[in-house]
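> I'd like to ask some things about the structure below.
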Amino acid sequence: MSLDKATVRNIANLARIEVKDEELDHLAGELSNILHFVEQLAEVNTDGVLPMTSVAAMTLPMRKDVITDGGQPEAVLANAPEAEDGFFTVPKVVE
Amino acid sequence: MTNLTNLTMAEARDKLAKGEFTAVELTAAHIKAVEAKRGLNAFITETPDLALAEAKESDLRRQAGKAGSMDGLPIGIKDLFCTKGVQTTAASHILEGFKPQYESTVSGKLKSAGAISLGKLNLDEFAMGSSNQTSYFGAVENPWKKKSDPKAKLVPGGSSGGSAAAVAARMVMAATGTDTGGSIRQPAAFCGITGIKPTYGRCSRWGVVAFASSLDQAGPMARTVRDCAIMLGSMAGFDPKDSTSVDMAVPDFEKSLTGDIRGLKVGIPKEYRPDGLSDEVAKVWDRGIEWLKAAGATPVEISLPHTKYALATYYIIAPAECSSNLARYDGLRFGLRVPGKTLDDMYRKTRAEGFGAEVRRRILIGTYVLSAGYYDAYYAKAQKVRRLIAEDFRKAFESVDVILTPTAPSAAFGQGEGTDDPVTMWLNDVFTIPTSMAGLPGLSLPAGLSSDGLPLGLQLIGRPFDEETVFKVAGVMEAAADFTAKPEGV
């Protein structure tokens with residue numbers, strides 16, 4: 001699969017990464033090369049093979065649904081680029 | 001006094017216990033080495049004052065008879081482990097200045113064992129790379145030099161390149177690494193040290209900046225097999241905060257170093273001898289087989305038929321998981337924020353400026369292979385092939401106890417080489433990725449020098465949670481290899 005510029009623009013938008021128009025050609029080439037490389041998997045017969053989602057045959061452990069932590073707003077906000085009155089601040093999202 | 005920075009951890013541990021020197025003296029000697037070798041760019045953040053304060057406490061603990069298993073031993077922490085109050089960057093601009101409010105389980109366990117951190121070690125950005133050239137904080141230089149061109153700067157491998165360079169240059173006695181597709185083993189091979197990626201689930205991933213969660217695993221990097229065994233014992237163990245960490249007793253790994261491998265069967269996979277494998281690497285591998293034979297083990301040819309698809313499988317699964325994990329870097333709660341007119345605009349600008357080229361590329365590939373209409377063709381297909389790769393190993397381990405392969409297809413290469421084409425760069429991990437896909441333990445140890453004077457590594461692969469056999473065989477190979485070469489100036 002070779003990707004065109006429009007597809008790359010769409011992927012970048014889905015990934016929320018700004019890509020300048022002049023970068024699109026180069027990026028489309030690079031990503032297409034990678035896709036050509038991974039497409040060799042098509043030749044492997046995987047009929048009847050279940051997808052492997054975990055390397056260890058384990059069931060996820062259950063724990064009690066209780067509060068074990070909290071009450072630390074200063075620690076939570078310590079690395080915020082911008083915070084006010086105990087909240088993270090963001091650009092206005094409702095017009 | 002003995003040269004404190006050339007001791008192994010096992011030696012230093014015994015000498016500290018005998019009172020031959022103090023943790024403060026040992027730490028101060030290593031802080032000096034860190035300063036002297038700053039040109040390698042192995043550290044992103046140095047913490048000498050914290051280290052000396054911890055060393056004082058260590059000496060007090062020892063006086064009180066309460067010394068832990070790694071008490072007073074100076075180590076480095078890959079800058080992918082969150083460390084409370086100490087900047088943690090993942091070598092990315094997007095996390096520059098981030099000071100975690102908590103300690104990762106693994107670095108916390110090392111602290112509890114008494115180990116002293118000298119700071120945070122450089123790596124490829126978000127652990128994505130095989131040469132430590134994608135770090136926002138600059139490339140790391142390998143302390144080893146080519147005989148034919150001693151001025152050329154070589155890469156230390158990656159992604160744990162700062163860890164490997166610092167251990168090889170005697171700046172730290174050992175370091176933590178993480179391994180997703182070879183990130184402990186390949187840099188260990190390039191820098192002439194030993195490192196093990198334990199079985200997936202052996203060490204907690206809690207507090208380790210995530211790259212590809214079904215593959216990421218922490219492990220030790222040190223100068224001897226015994227030192228890796230000591231350190232893994234302090235890192236491993238069940239953690240309720242990581243649902244994929246396994247609730248299983250941690251053995252005393254050091255006890256597995258019996259030196260007796262008589263009767264063990266060692267698998268030699270025929271698919272690991274591809275056309276174009278360097279002659280020198282093939283020779284070192286053959287020599288390794290001879291050492292094991294001489295020690296009473298039996299080499300057995302095995303077949304891992306899906307090996308050649310491992311790289312392609314990895315480069316679907318790892319980017320897919322990375323695109324999902326790295327969605328959290330949105331400029332809201334921590335890290336870099338680049339202002340935008342709207343929320344989406346802020347996300348896009350922050351992520352464009354915060355991520356480097358390789359990370360962006362992998363996020364985009366991952367986003368594509370997970371997107372509607374392509375999921376089955378790429379991601380689900382890769383997960384099926386992954387099962388076939390894991391099955392290859394399962395079948396092989398029905399007839400052998402351990403597998404021996406080269407770690408990397410070549411010795412360390414020069415900075416700036418091979419950066420034009422990402423796929424060529426990825427070939428570095430061709431021997432390490434299959435093990436990662438199957439979640440198995442893999443150890444790399446130095447086995448000899450190339451004709452140009454650079455270290456070459458061999459890899460031992462074990463059954464799930466059988467690090468003990470891997471250590472046992474590695475101990476025998478280490479004795480046979482007698483690798484005493486050192487980089488210049490240490």
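> Would you mind putting B:189-197, B:458-466, B:482-490 in packing order, based on average other-beta-carbon counts within 10 Å, highest first? Walk me through the intermediate numbers first.
Numbers: B:189-197: 31.8, B:458-466: 23.8, B:482-490: 13.0.
Those peptides, ordered most packed to least, come out B:189-197, B:458-466, B:482-490.
> How big is the antiparallel share of DSSP beta bridges in chain B, given as a percent to the nearest 5? Could you put the intermediate results ahead of the total?
Working: 29 of 42 bridges.
Taking every DSSP beta bridge with both residues in chain B, the antiparallel ones total about 70 percent.
> Can you tell me, using C-alpha contacts under 8 Å and at least 6 residues apart, the relative contact order of chain A as a whole percent? Present the calculation step by step, with values, prior to reporting the outcome.
Working: 35 pairs, mean separation 19.0, N = 95.
Reported as a whole number, the value is 20 percent.
> Additional query: What angle, in degrees between 0 and 90 and rounded to the nearest 10, separates the Cα long axis of helix A:21-38 from the longest principal axis of the Cα atoms of chain A?
70
> Please list, or write none, the lysines whose alpha carbon is within less than 20 Å of the alpha carbon of B:LYS265, excluding same-chain residues fewer than 8 places away.
B:LYS293, B:LYS395, B:LYS472
> Let me ask something else. Could you order peptides B:161-168, B:348-355 by the average number of other Cβ atoms within 10 Å of their residues, highest first? Mind dumping the intermediate values first?
Values: B:161-168: 34.8, B:348-355: 21.5.
Packing proxy ranking, top to bottom: B:161-168, B:348-355.
> Would you compute, from DSSP H runs of 4+ residues alone, the mean residue ellipticity of chain B at 222 nm, taking -39500 (n - 2.57) per run and dividing by the full residue count, rounded to the nearest 500?
Details: 15 runs with 173 residues, N = 490.
Helices in chain B give a 222 nm mean residue ellipticity of -11000 deg cm²/dmol.
> For chain B, what's the relative contact order in percent, using C-alpha pairs closer than 8 Å and at least 6 residues apart?
On the way: 1175 pairs, mean separation 84.7, N = 490.
Relative contact order, chain B: 17 percent.
> Can you give the % of DSSP beta bridges in the protein assembly as shown that are antiparallel, to the nearest 5? Please report the intermediate quantities before stating the final value.
Working: 31 of 44 bridges.
Percentage antiparallel, nearest 5: 70.
> Quick one: if the Förster radius is 60 Å, what FRET efficiency do B:GLN63 and B:LYS265 give, using the C-beta to C-beta distance and rounding to 0.05? Don't skip to the answer; put the middle values down first.
Values: r = 49 Å, r/R0 = 0.82.
After rounding to 0.05, the efficiency reads 0.75.
> Please identify which residues in the range B:397-424 have an amide N closer than 15 Å to a label point set 7 Å out from the Cα of B:LEU277, following the Cα→Cβ vector.
Only B:403-411 fall inside the zone, counting backbone N under 15 Å.
> Looking at this model, which pairs from B:LYS99/B:LYS153; B:LYS146/B:LYS283; A:LYS64/B:LYS384; B:LYS37/B:LYS153 are more than 22 angstrom apart at the alpha-carbon? Mind showing how you got there, number by number?
Numbers: B:LYS99/B:LYS153 32 Å; B:LYS146/B:LYS283 19 Å; A:LYS64/B:LYS384 34 Å; B:LYS37/B:LYS153 14 Å.
Those over the limit are B:LYS99/B:LYS153; A:LYS64/B:LYS384.
> Next question. Let me know the mean shielding of B:324-334 by other chains, meaning the per-residue number of their Cβ atoms within 10 Å of its Cβ.
Working: counts 0, 0, 2, 2, 0, 1, 2, 5, 6, 7, 7.
If you average over the peptide's residues, the count of other-chain Cβ atoms is 3.
> Binning at 5 angstrom from zero up to the longest distance, how are the C-alpha pair distances of the range B:171-228 distributed in percent?
P(r) over the range B:171-228, rounded to whole percents: 4, 21, 31, 24, 14, 6, 0.
> When Cβ neighbours within 10 Å are restricted to other protein chains, what is their mean count per residue of peptide A:52-65?
Details: counts 16, 4, 5, 16, 8, 1, 5, 0, 2, 6, 1, 2, 0, 0.
Taking the mean over all residues of the peptide, I get 5.
> So for the range B:108-148, averaging the separation of alpha carbon pairs under 8 Å that are six or more residues apart and normalising by length, what relative contact order in percent results? Could the numbers behind the result be given before it?
Numbers: 24 pairs, mean separation 9.7, N = 41.
After rounding, I find 24 percent.
> Taking the Cα atoms of chain A, what is the range of coordinates along each of the three principal axes, in descending order and whole Å?
Sorted largest first, the three principal extents are 54, 46, 24 Å.
> While we're here: Give the average, rounded to an integer, of partner chain Cβ atoms located within 10 angstrom of each Cβ in A:40-49.
Numbers: counts 5, 10, 3, 1, 11, 3, 8, 1, 1, 8.
For this peptide, the per-residue mean of nearby foreign Cβ atoms is 5.
> If you average the alpha carbon positions of the range B:259-273 and of the range B:389-452, how far apart do those two centres end up, in angstrom?
16
> Here's a follow-up. Where in the range B:106-127 does the amide nitrogen come within less than 20 Å of the point 7 Å from the Cα of A:ALA78, taken along Cα to Cβ?
Zone members listed by number: B:106-112, B:117-121.
> Along the Cα→Cβ direction, 7 angstrom out, place labels at B:GLU398 and B:ALA485. What is the inter-label distance in nm?
So the two model labels end up 4.1 nm from each other.
> Going by a ≥ b ≥ c, the root eigenvalues of the Cα gyration tensor, does the range B:346-406 fall in the rounded group (a/c under 1.5), the prolate group (a/b larger than b/c) or the oblate group? Walk me through the numbers on the way to the answer.
Numbers: a/c = 5.44, a/b = 2.04, b/c = 2.67.
In terms of gyration-tensor shape, oblate.
> Ok, one more. Rounded, prolate or oblate: which fits chain B, taking a ≥ b ≥ c as square roots of the Cα gyration tensor eigenvalues, rounded meaning a/c under 1.5, else prolate when a/b beats b/c?
It is rounded, given that a/c, with a ≥ b ≥ c, falls under 1.5.
> Same structure, new question: Straight-line reach from B:LYS109: which aspartates and glutamates have Cα under 17 Å away, leaving out those fewer than 8 places along the same chain?
Partners within reach: B:GLU54, B:GLU57, B:ASP71, B:ASP79, B:ASP227, B:ASP239, B:ASP242, B:ASP247, B:ASP252.
> Here's another thing I want to ask about it. Starting from 0 in steps of 10 Å, tell me what percent of the Cα-Cα pairs of the range B:395-466 lands in each bin.
Final binned percentages: 17, 43, 29, 10, 1.
> Between B:LYS32 and B:VAL423, what is 0.36 nm times their sequence separation minus the Cα-Cα distance? Round to one decimal in nm.
On the way: separation 391, 0.36 × 391 = 140.76 nm, distance 3.95 nm.
Stretched out fully, the B:LYS32 to B:VAL423 stretch lengthens by 136.8 nm.
None of the figures in this text is laboratory data; all of them are computed from the coordinates on show. Model, not experiment: these values are computed from the prediction. Here Cβ is always computed from backbone atoms with ideal geometry, including for glycine, and neighbour counts include all displayed protein chains.
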